[in-house]
Every structure is written in C-alpha cells, then in structure tokens.
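Let me begin by presenting the structure, written as structure tokens, before commenting on it.
The values are calculated or read from the model by the stated rules, or taken from the named source; none is laboratory data. In this text the structure is predicted, and so the values were computed from the model without any measurement. We place every Cβ from the backbone using ideal geometry, glycine too, and count neighbours over all the protein chains shown.
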Amino acid sequence: MAKGPAPFSDIGKRARDILYKDYDFNQKFSLSIPSSSGLGLTTTGVKKDQIFVGDINTLYKSENTIVDVKIDTYSSVSTKVTVHDIFSNTNVALSFNIPDHKSGKLDVQYLHPHAVFDSSIGLNPSPHLQLSATIGSKDLYAGAEVGFSTASASFTKYNAGITFNKPDYSVALIMAEKGQALKASYIHYVDRPDGLTVAAELTHRFSSFENGFAIGTSQTVNPGTVVKTRFTHDGKAAFQCQRVWRPNSLITLSAECDYTKVSSSSTKFGLALALKP
C-alpha cells in the first residue's frame, strides 16, 4: 500500500507534526520495557500543575494481532484489540473501557491501491457513527469524513480535504468544522545538511471572519538533537529541544511565552523524559 493514499486523518499531518507534536508544557516521565516474547510494558506519569496522574500500559503483539491494555490513576481500564489483514487488506479494531459499558467501539479499515476507507461504530443502543474515505495516490489524494449521532439524529462533523505531496514539499487544504473553517498547510524540506524543515498553517473562519496562522521550523543541530520553533498569530512563541541521549531514550524540553505580555505567568515550561532500556 506504499503507493496508495493515506487515511483522511493524515491530510495536513506533516505540517501539524512540525508545529505541534511533542510540545508538552507539563512534567512527564515514561519507562518502556520491551520483551522478546512480544509483551511490552510502559508506565507513564504526568504532573499537571499540582496534580500527578499516571497509567500503566501493556502491549502484546503476536503475528497480525495487537492487544493494548491501559490502566490509569482512576482505575479505569482501556482495552483495544487490533487484527491486521483479518480479510484481504482489511484491519479491524475493537476497543472498550471498564467500567463504562457504553464505551465499546468497532473500527474497520479497508486499504486499496487507490483508496482508503475507515468506519467506526459505537457498540451501544444509540451509537455514534463515523465514516471517512480518501482516493488517489500517495502523491495526490482527496477525501472526506462524516460523523453522525443516532441519539440526536444529527451530524457531529463533516469535513473534506485534499493534499499534494512531493519529496521536498507538501500542501494540504481542509474544509473543517462543518464547513465553517478553511485550513491550509504547507511544509517544505530545505536541502541542507541540518535537515531544516519549514511548516505553516493558515486558518480562516467564515462565521467570524477571523484569520489565524502558525509557522514553525525543525532542524538537527547535531547528531541526536532536534530543535523546533513555533510562532502563532496570538503572540505566542514556542521552543522545543529533543535529545536522544541513549538508544531509544529521549529527553524533551519545551517552552512557550506570550510576547504580548510582560508577566512571568505567561511563560510555560515542560520537561519529558522517555526511557527504553
């Protein structure tokens, strides 16, 4: 499926990853312990303000089946079972939370050389339905998604988008928020030894005639260290430094300040440490 289109959720994802991925202004720690038997264990702790929350996640992989179980601070158990190629080019995932008996959900994805179809249905008496599809090739594809609530007999979302990808740049255009917003994103890979990448996202809301933008960069300053920056229309500047200090282990420092304000409370810092023996 390398020559086929990506799912609808991937439209504009390249720019979003540069602008927003791994920016975290809390204190976070995670430890992953892999196993040769296919069973992996990950524990995560996050401090938000004065509150500390955590979870334990186990992941089991066996041929084409993945079982993902997560237990959080509040003793809620989330389970997801994914089976790849249960039928030809078809992936199926079943997820549910305990003790929420209405949280069950069934996801089905069908991959075709020129199309991708995703569907999701809640496993309860008044399910929420979601459908999305993209058609085209890996370089040019268009798609749409729709969400429908049977409880209220109303559409919860309907969006459409198109993307054009080349080795050195990518452009995406998305009609979002039920047609109330238009988002355009662009990412350019500069031919430099440091792998400089520039990304931008523009948003226009038709109802309020508001315009917004975010522009950011990513570059490698030395082997194992990536620095990212971001500037937004509301006067906020963000910085991120991510360092691979040992194989598969990362330390990420994030900072954000509002340069329209002079108070120290407008500045936020975050530190994330991910360990994998």
Residue satisfying all of: in the stretch 120-134; within 19 Å of residue 154 (Cβ to Cβ) and of a type in the set (Ser, Thr, Tyr); surrounded by the fewest Cβ atoms within 10 Å (Cβ to Cβ) among these: 126
Any hit, the stretch 96-112, residues being within 21 Å of the chain's Cα centre (by Cα), loosely packed, with under 15 Cβ neighbours inside 10 Å and assigned to a strand (DSSP E or B): no
From 224, 216, 212, residue being at positive phi and of a type outside the set (S, T, N, Q): 224
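Are any residues in the stretch 234-266 among the polar types (S, T, N, Q) and either at pLDDT 90 or above or surrounded by 16 or more Cβ atoms within 10 Å (Cβ to Cβ) (or both), and if so, which ones?
240, 242, 249, 252, 254
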Tally, over the stretch 21-42, of residues that are under 30 Å from residue 176 (Cα atoms) and either over 20 Å from the mean Cα position of the chain (by Cα) or without any contact (Cβ under 8 Å) to a residue 24 or more places away in the chain (or both): 1
Sole residue being more than 30 Å from residue 214 (Cβ to Cβ), surrounded by 13 or more Cβ atoms within 10 Å (Cβ to Cβ) and touching a residue at least 12 places away in the same chain (Cβ under 8 Å), chosen from 54, 45: 54
All positions within the stretch 163-185 that are surrounded by fewer than 18 Cβ atoms within 10 Å (Cβ to Cβ), in a strand (DSSP E or B), touching a strand residue (DSSP E or B) at 6+ places or on another chain (Cβ under 7 Å) and touching a residue at least 24 places away in the same chain (Cβ under 8 Å): 164, 182
All positions within the stretch 190-232 that are in contact with a strand residue (DSSP E or B) (Cβ under 9 Å, 6 or more places away or on another chain), loosely packed, with under 14 Cβ neighbours inside 10 Å and part of a loop (DSSP other than H, G, I, E, B): 190, 192, 193, 194, 195, 206, 207, 223, 224
Yes/no for residue 91 being buried (at least 16 other Cβ atoms within 10 Å of the Cβ) and either modelled with pLDDT of 95 or more or out of contact with any Pro (no Cβ under 7 Å at 6 or more places or on another chain) (or both): yes
So residue 116, is it touching a residue at least 24 places away in the same chain (Cβ under 8 Å) and within 29 Å of residue 202 (Cα to Cα): yes
Residues (outside any loop (DSSP other than H, G, I, E, B) and of a type in the set (S, T, N, Q)) located in the stretch 1-27: 9, 27
